[in-house]
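The structure appears right after this line, and notes come after that.
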Amino acid sequence: MSDLLSRRKFLASAAVGVAATRARDIPFPMRPPRPLPPQSRWAAKPVAVSSANGLRAVQKAFDMLLQGADTLDAVIEGVKIQELDPNDDSVGYGGLPNADGVVQLDASCMHGPTKRAGAVGALEGIKTPSEVAKLVLKYTNHIFLVGEGAKRFALQYGFREEDLLTEHSREVWLHWRANLNPDDDYLDVPEAQHMTVRPTGTINCDAVTPQGDISSVTTTSGLAFKIPGRVGDSPIIGAGQYTDNDIGAAGSTGRGESNIKVCGGFLTVELMRRGLKPTDACLETLKRVIQITEPRLLGPDGKPKFNLNFYAVNKRGEFGAASLYPGSYAAHDGREAKLRDMASLYERPAASR
Ligand code: ASP
């Protein structure tokens, strides 16, 4: 393809960042890495896109694509960096807990080449729910395991049960609980000690291999201080992410309840099927979200009081993202992994998320 960078540049770019991933480094691989065809026979421009917290994820996923890794293995290994990072309080280990102080994680994934899907919801005690979702996809006749059953399933495959609260996330939760009700028996924490908390966060990653194979994954600790048992959009196939190997993939972060109602991952892929470019498809999905938004979620200016983001790639390796309010997303386009501006429906930042 004429618009592809030279193979030398691609390989140079791949060498930057993480070290080469060997087959044995990938737990439960979909398949071992295999040599790429000559670049003249590449069907697509390889690419990895992610939410803004996924700069390292897209670098890792892209490196693996150029080492001939499977598309799903690449995106899962990418998002695992964030899941294992105690400083990302929106995903995996260190994610903010539910109202009871328990971290409950959601994740889902789809693998274009095999047309399979896997998901886990309200999973406790396991740092990398994206990997467990991949195991559901790979080893079971089911798609979605939740709660205790999902945990038992993970333990059977050798995952270790761990305390997912970090010192920081426990402190943030105790602070939230203390200030919840001025009349309860917990003394309010003075405003001076106010902590900045992001109420939402998640990572979605979508990738296209040089052969045009596509996968997507979304993983999250969900809304901070949610009602125990709540699952958001991230583990719902067709909402948090969706892949059709003939068309493309899409995923989402932000207010999950608003995405679930439009099946945003699926809708965005369907819009690409009808010919829309990835960014335009994401914008159309957001318009549908607005059409179906309850008045209580709109501010006096009629604009949503929350934010929602969509990310998309198509079969050719074109990619894009859009949000209700301006923001950025991460992409590796073959040259470099960097943050880019998203298209947005509205101009000003969200009054509140
Ligand atoms: N979509 C996630 C959820 O609703 C949260 C987020 O992305 O911020 O659980």
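Computed quantities for the displayed model
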quantity	calculated
Nearest-20 debye value, the chain charge dipole, Cβ charges on Lys, Arg, Asp, Glu	1560
Over 20 Å (Cα to Cα) - which of Lys226/Lys287; Lys115/Lys338; Lys115/Lys315 fall in this group	Lys226/Lys287; Lys115/Lys338
Mean Cβ neighbour count within 10 Å, used as a protection proxy, ranking 285-291, 160-166 highest first	285-291, 160-166
Qualifying aspartates and glutamates (Cα of each under 16 Å from Cα of Lys138; at least 8 residues distant if same chain)	Asp70, Asp73, Glu77
Within the chain, helix-based [θ] at 222 nm, where runs of 4 or more DSSP H residues each add -39,500 (n - 2.57), nearest 500	-8000 deg cm²/dmol
For region 111-128, 3J(HN,Hα) per residue [Karplus equation, 6.51 cos²θ - 1.76 cosθ + 1.60, θ = phi - 60°, Hz, x = Gly/Pro]	10, x, x, 9, 6, 10, 9, x, 7, 9, x, 6, 7, 10, x, 10, 5, 10
C-alpha long axis of helix 129-139 to longest principal axis of the chain, angle in °	50
Charge dipole (the chain, unit charges on Cβ, about Cα centre) - positive-most of Gly68, Tyr346, Gly125	Gly68
Hydrodynamic radius by Kirkwood, which averages 1/r over all alpha carbon pairs of the chain, in angstrom	20.1
Residue among Pro235, Pro278, Pro300 with the largest mean-square fluctuation in a Gaussian network model of the chain, springs linking Cα atoms under 10 Å	Pro300
Within straight-line cross-link reach of Lys305, aspartates and glutamates at Cα separation under 15 Å, skipping those fewer than 8 residues along the same chain	Glu257, Glu294, Glu347
Protein accessible area in the chain, 1.4 Å probe - carbon and sulfur %	53
Under the Karplus curve 6.51 cos²θ - 1.76 cosθ + 1.60, θ = phi - 60°, whole-Hz ³J(HN,Hα) for region 237-247, x wherever Gly or Pro sits	4, x, 10, x, 6, 7, 10, 10, 4, 7, 10
Region 127-152-region 265-288 distance, computed between alpha-carbon centres (Å)	28
Share, in percent, of DSSP beta bridges within region 90-182 that are antiparallel, nearest 5	65
Per residue, in Å², the accessible surface of region 254-353 once ligands and nucleic acids are set aside, probe 1.4 Å	45
Net dipole in debye of region 258-314 [+1 Lys, Arg Cβ; -1 Asp, Glu Cβ; about Cα centre; nearest 20]	40
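The values are calculated or read from the model by the stated rules, or taken from the named source; none is laboratory data. Bear in mind that the values here come from a model prediction, so they are computed numbers and not experimental data. With ideal geometry, Cβ positions are generated from the backbone for all residues, glycine too; neighbour counts draw on all protein chains shown. Ligands, DNA and RNA are excluded from the accessible area calculation, which covers all protein heavy atoms including side chains. Shrake-Rupley method; radii C 1.70, N 1.55, O 1.52, S 1.80 Å.
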